[in-house]
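Readers should treat all values here as calculations from the given coordinates under stated rules, not as data from a laboratory. This is a predicted model, so every value here is computed, not measured. Cβ: placed from backbone, ideal geometry, glycine included. Neighbour counts: every protein chain shown.
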């Protein structure tokens, strides 16, 4: 998601604002304008709002890609009965790159599908109730073992272009790349090169560029399923957004700690 003029343009005029609450999980679209805000402004994201919708879409993209649903839809348009053998999600090794609340929600939804293993990667190493979270430095060793690689990481300077030529070359033959993070986390040119060989496949809810131009070769690349950045906008959004906003306003009025504070302007970032 590119910086939004609609989000950034008002910020220089907000000389007395104390809290900025986004309704998105990522904050990359407002970050370019934060330097215009006075020190001490708290930026909060929408953790808790998009997990259900994005988790659902991630599973839908995986299942549709593995089981060949796009091919079935095209065959239905032709009136053709398209049989054949397809891979299942069961018994697959899954790697989740970006294990925040959305990554955890995706794993919650993977559990009933009898996957063989879920490996988790995040910026820093830690332990969860479901198992270890590996640091990004261990990603090269984990990629060759994964049948499905899910990107659910925020877009930062560290993750921009993370899924580049080296990353993609380490994926095993026949593996599926799923991006529900941000388009620039993937190097589009490198992905196109791999897709053209047929060695891997991809399911993308986000692309770089975005929206994807009509004539972009990614539309016609073999083995790719594209949805138009619809991970969040579902009927699940509004009730969760309302709950978050009501809770945040009550906390603010009652001088209680706010939820989901990502950063405070003017504070050291070390």
Relative contact order for segment 1-124: what percent, with Cα pairs under 8 Å and sequence separation of 6 or more?
21 percent
Order of 255, 86 from fewest to most other C-beta atoms within 10 Å?
255, 86
For the chain, modelled as a GNM with alpha-carbon contacts under 10 angstrom, which of 246, 97, 19 fluctuates the most?
246
Using alpha-carbon coordinates, inclination of helix 51-67 to the longest axis of the chain, degrees
10 degrees
Given a cut-off of under 8 Å on Cα pairs at least six residues apart, what relative contact order in percent is computed for segment 51-226?
19 percent
Between 0 and 90°, nearest 10: helix 69-78 axis offset from the chain longest Cα axis:
60 degrees
Taking only Cα atoms, what is the 0 to 90° angle, nearest 10, from helix 237-253's long axis to the longest principal axis of the chain?
20 degrees
Row for segment 167-233, column shape: gyration tensor on C-alpha, a ≥ b ≥ c, rounded if a/c < 1.5 i.e. under 1.5, prolate if a/b over b/c, else oblate; value prolate
If r is the Cβ-Cβ distance from residue 215 to residue 24 and R0 is 35 Å, what FRET efficiency results, to the nearest 0.05?
0.75
Per residue, how big is the convex hull of the chain when only Cα atoms are used? Give it in Å³.
152 Å³
Label-point gap, in nm, between residue 227 and residue 137 - each point 7 angstrom along Cα→Cβ:
3.6 nm
Go ahead and set up a Gaussian network model of the chain, Cα springs under 10 Å, then flag whichever of 87, 257, 132 fluctuates most.
257
What ranking do 56, 256, 107 get, fewest neighbouring Cβ atoms within 10 angstrom at the top?
256, 56, 107
Sorted by Cβ density within 10 Å, fewest first, the residues 92, 189:
189, 92
